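Presented below is the structure to which this report refers.
Throughout, read-outs are computed from the coordinates displayed, never taken from laboratory work. Because the structure is predicted, anything quoted here is derived from the model rather than measured. Every residue, glycine among them, receives a Cβ derived from its backbone with ideal geometry; neighbour counts consider all protein chains shown.
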Amino acid sequence: MWISIFLQLLVGVQVSVYYMSMWPYLQKSNPLYGYWNQRTMSVKTPVIIGFLIAAVAQTWYGLLSLFPHAKWFMLAARVMTGLGVGNIAALRIYAATASTPKDRMKAISYGTGGFVLGISFGPVLSAFFTPLGENGWKLGAIYINMFTVVSFLMTVVCLAACVIVQIFFKENYVGIIEENEPGSESNVVIPKYDLIGALICIYLFMIVNIIATNIEVMSTPLTTVLYDWKDSQSILYNGIALCCCCIVSVALNIILGSTRLGKL
């Protein structure tokens with residue numbers, strides 16, 4: 001379970017690492033991973049494939065200087081990254097199915113906290129490399145600067161995540177009857193889920209993501225105009241602001257998962 005939470009943290013880093021270094025393109029978790037997980041009852045393969053797709057996309061982003069009309073290739077790279085980190089859907093499904101009803105709130109809260117913590121690390125990494133500047137230096141035809149070095153680092157992180165999943169991640173589910181399990185032919189009645197409640201949760205999640213996307217898109221250009229910041233200053237200060245917001249969110253998820261507040 002803890003490896004699953006750590007992997008959600010890595011997904012959060014992939015999603016947020018460019019929030020402040022460009023005017024981000026909207027990325028959404030791909031429902032394909034959830035369907036894949038449900039059909040195969042396996043988390044490993046969808047998660048590894050997702051990280052591999054993200055690794056290719058991050059490398060592509062770092063090599064944008066090699067392409068003409070780089071803005072369109074940047075858009076394609078970010079879309080591909082969004083497809084890759086859609087594996088968060090499979091990880092969240094695993095967190096729900098690998099925990100007992102009693103501990104499910106804790107598992108979901110810690111998983112969400114890990115994802116948000118990863119989101120807070122992304123801007124921090126971008127801010128950490130701002131001393132390289134916009135020009136940096138050139139290695140052959142490849143530019144190494146505060147924008148590209150992060151993408152190459154994320155490629156390494158994605159590949160490391162694949163190794164972690166393959167070697168250390170063990171799938172253990174709770175309350176799932178397998179075909180070859182004794183007594184699997186017994187009459188098990190699964191109650192219908194609350195459709196209205198599910199739709200309300202989906203609607204609220206959509207609203208939260210719309211608000212977050214507006215902030216991500218507008219923060220860099222708006223603060224640059226209002227305060228006459230350079231690009232490096234905008235990346236640094238907006239990254240710090242987002243990190244502080246994420247710390248509050250992580251603290252709330254920990255409180256929900258470890259105290260009686262989550263059971264109210």
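Observations, loosely collected:
- Cα point-scatterer Debye curve for the range 191-264, base-10 log of I(q)/I(0) at q = 0.11, 0.12, 0.18 Å⁻¹: -0.48, -0.55, -0.89
- Order of PHE121, PHE205 - criterion: other Cβ atoms within 10 Å of each residue's Cβ, fewest first: PHE205, PHE121
- Estimated FRET transfer efficiency (ILE196, SER42; beta-carbon r; R0 30 Å; 0.05): 0.45
- The stretch between ALA251 and GLU171, if pulled fully straight at 0.36 nm per residue, gains 26.0 nm over its current Cα-Cα span.
- Gain in span if fully extended, LEU66 to LEU159, counting 0.36 nm per residue against the direct Cα distance: 31.2 nm
- Each of the peptides 68-79, 133-144 was scored by the mean count of other Cβ atoms within 10 Å over its residues; in descending order, highest first, they stand as 68-79, 133-144.
- Averaging the Cα positions of each part gives two centres, and for the range 218-264 and the range 74-128 these lie 16 Å apart.
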